[in-house]
Each structure stands twice: as structure tokens, then as C-alpha cells.
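Here, each number is a calculation from the coordinates, and none is a lab measurement. Keep in mind the model is a prediction, meaning the values are calculated, not measured. Positions of Cβ are backbone-derived with ideal geometry, glycine not excepted, and every protein chain shown enters the neighbour counts.
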Amino acid sequence: MACKREHILQIVEETFIDLLGSEATKTIFNYLCNHYHLDKEDIPLKMDEFQDHLEKILGEATKLIMKKIEERISQP
């Protein structure tokens, strides 16, 4: 189970970096931690909460990001 969480977290991080760059990714993860108490390591266990908070921060762009994450997770 931990291996799957790590895999999902890696996908989330890579997707953010691909779409927004590494600095914006760090900023968003820090914001989630500081304002919503959502640590990066907890994201795979709290994907709905993660998406809700992202929508507050990024608005409609969240749909594209989550779609890319879901596509990558579903790849074999």
C-alpha cells in the first residue's frame, strides 16, 4: 500500500512540475501545507480534499491538472 501511495505522489509531483514548473509546484505544496494543513505526503490518501483545496487556489485549472493526474495513474 505504501508503494502505491508513493507512486501516486510521484505522479502528482511530476504532473505539477510538467504543467506549472518546479517553483510553482513547491509554492502550491507549501501553501496547501501552511493554509490547509495538507502535507504533500498525505495527498494520495486525501485526493478529494486535495482537489477541493486546489480549486480554491487554481480555479478551473484544477480540472486539467486532475485529468492529467488521473490519466497517468491509470496507465499500466
Could you give the size of the charge dipole of the chain about its Cα centre, using +1 on the Cβ of each K and R and -1 on the Cβ of each D and E, expressed in debye and rounded to the nearest 20? 80
With -39,500 (n - 2.57) per DSSP H segment of 4 or more residues and division by the full residue count of the chain, the 222 nm estimate, nearest 500 deg cm²/dmol, is -26000 deg cm²/dmol
Shape verdict for region 24-65, please, from the Cα gyration tensor: rounded (a/c under 1.5), prolate (a/b greater than b/c) or oblate. oblate
Under 8 Å for C-alpha pairs, at least 6 residues apart: give me the relative contact order for the chain, rounded to a whole percent. 36
Of all the Cα-Cα pairs you can form in the chain, what percent are over 19 Å apart? 26
Just to confirm my numbers, what's the Cα centroid distance between region 1-27 and region 36-53 in Å? 12
Comparing Leu32, Leu54, Leu19, which has the greatest mean-square fluctuation in the GNM of the chain with Cα pairs linked when under 10 Å apart? Leu19
